[in-house]
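Rule-based calculations on the coordinates, nothing more; no lab input. These numbers were taken from a predicted model, which means no experiment stands behind them. All Cβ positions, even for glycine, are placed from backbone atoms using ideal geometry, and neighbour counts span all protein chains on display.
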Amino acid sequence: MHTAQQLMKVFVTRRIPQEGMKILLQAGTCKVSLWDSDEPVPRAELLKGVAGAHGLLCLLSDRIDAEVLNAAGPNLKVISTMSVGFDHLSLDEVKKRGVRVGYTPDVLTDATAELTVALLLATARRLPEGVEEVKSGGWSTWKPLWLCGYGLSGSTVGVIGLGRIGMAIATRLKPFGVKRLLYSGRVAKPQASEVDGEYVPLDTLLAESDFVVVSCALTPQTQGLCDKAFFTKMKNTGVFINTSRGAVVNQEDLYQALSGGQIAAAGLDVTTPEPLPTDHPLLTLKNCVVLPHIGSATYSTRGVMAELSAHNLLGGLQGSDMPSELTL
Ligand code: NDP
Ligand code: DGY
């Protein structure tokens with residue numbers, strides 16, 4: 001048994017699935033304080049909550065930078081983010097302080113790939129527009145030229161960033177009759193052979209793909225990657241899908257490409273900022289489908305993400321193995 005003084009202090013920045021909380025509370029080694037809300041912790045509360053903490057369990061909406069790390073102070077041993085993306089963490093600052101980082105790869109791959117396929121189909125086959133027409137009385141009769149879109153059968157799909165999620169997307173899309181699967185990234189991937197993936201330069205991918213799917217990480221190299229020049233290289237009939245991070249896209253350039261007919265349609269699960277303001281120009285376009293960052297949002301996936309985050313945190317606190325530690 002640990003006495004109250006020996007208990008390590010943990011700050012959890014949001015209400016998370018009970019599977020994760022249970023693990024933390026039953027561990028008996030830490031005193032957990034929780035920002036007990038579905039809404040993000042205000043910055044001032046984060047700085048206050050983290051003070052003196054040994055462990056921080058955070059989400060992708062929390063910017064963990066030098067200010068937060070300084071507020072935490074020298075006790076901090078581990079940051080566990082309930083996400084696979086870690087672009088919200090200032091890793092240089094984290095590393096400097098010898099703090100370990102846990103994240104949640106693999107457990108959300110299937111859910112995110114599934115959502116990407118759903119978004120691609122919804123965008124290409126114009127599902128939100130169709131639903132809206134039914135509700136508004138715009139459906140007068142069956143019309144040969146009405147609400148036509150683009151199908152996957154016989155198509156070329158280009159995946160930017162054939163990592164865990166990119167591979168899972170490719171694997172799911174192939175059975176729809178995709179003829180060619182192109183991918184681009186920093187290096188060719190041996191596992192691409194499982195989906196007959198062809199490693200091509202980005203320009204080739206953009207010129208030849210009917211569907212361009214972005215599933216890379218947000219890094220200084222990918223920030224703003226999808227800009228005017230990028231969209232200009234795509235087919236006019238091309239459909240653009242992004243389920244990585246909003247900042248990979250220059251949204252003004254995307255708006256111009258969509259409204260000017262440079263590309264056919266776009267489906268976004270991620271935007272800048274999040275939430276996207278309701279008066280944002282992209283939301284006025286019928287050929288743009290925007291979802292509220294729900295790639296991993298299945299009950300079971302979020303439960304497992306919370307469990308893994310809790311185990312990562314406890315491993316870091318105890319100085320033992322973490323099930324998914326990020327190599328810094
Ligand atoms: P991985 O690390 O497995 O894959 C990331 C891929 O990005 C790698 O293949 C990597 O290629 C590639 N990449 C890195 N730099 C570049 C570059 N300059 N150009 C092209 N590709 C590049 O991560 P996951 O597949 O697990 O996750 C990917 C991202 O998806 C996360 O970082 C997160 O941002 C996002 N995500 C979004 C979700 C949502 O809800 N919408 C849910 C989950 C994740 P290489 O191996 O060559 O470095
Ligand atoms: C992540 O994990 O990075 C996603 O964006 C949310 O699950």
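Would the stretch 127-286 count as rounded, prolate or oblate if I go by the C-alpha gyration tensor, calling it rounded below 1.5 in a/c and otherwise prolate when a/b exceeds b/c, oblate otherwise? It comes out oblate by the Cα gyration axes. Projected onto the charge dipole of the chain (+1 at Lys/Arg Cβ, -1 at Asp/Glu Cβ, origin at the Cα centre), which of 320, 238, 58 gives the Cα projection farthest towards the positive end? The one lying farthest along the dipole's positive direction is 320. For the stretch 127-286, averaging the sequence separation of C-alpha pairs within contact (under 8 Å, six or more residues apart) and dividing by the residue count gives a relative contact order of 18 percent. Contact order, relative form, for the stretch 83-167: 30 percent (alpha carbon pairs under 8 Å, 6 or more residues apart, mean separation divided by residue count). Once you have the Kirkwood Rh of the chain from its Cα pairs, apply Stokes-Einstein at 20 °C and 1.002 mPa s and quote D in µm²/s. Taking Rh from Cα pairs, D becomes 101 µm²/s.
Placing +1 on the Cβ of every Lys and Arg and -1 on the Cβ of every Asp and Glu, with no other charges, gives the stretch 259-328 a dipole of roughly 260 debye about its Cα centre. In terms of other Cβ atoms within 10 Å, 160, 263 run from fewest to most in the order 263, 160.
Taking each of 22/77; 135/228; 31/77; 179/233; 48/77 in turn, the alpha-carbon distance tops 26 angstrom for 135/228. The charge dipole of the chain, taken about its Cα centre with unit charges on the Cβ atoms of Lys, Arg (+1), Asp and Glu (-1) only, comes to about 260 debye.
Packing, taken as the mean count of other beta carbons within 10 Å per residue, orders the peptides 36-43, 151-158, 79-86, 319-326 from highest to lowest as 79-86, 151-158, 319-326, 36-43. For the chain, the mean residue ellipticity at 222 nm estimated from helices alone is -9500 deg cm²/dmol, where every DSSP H run of n ≥ 4 contributes -39500 (n - 2.57) and the total is divided by all residues, rounded to the nearest 500. Per-peptide packing, taken as the mean over residues of other Cβ atoms within 10 Å, places 131-137, 229-235 in the sequence 229-235, 131-137 from highest down. Dipole size of the stretch 41-116 about its Cα centre, with +1 on Lys/Arg Cβ and -1 on Asp/Glu Cβ: approximately 460 debye, rounded to the nearest 20.
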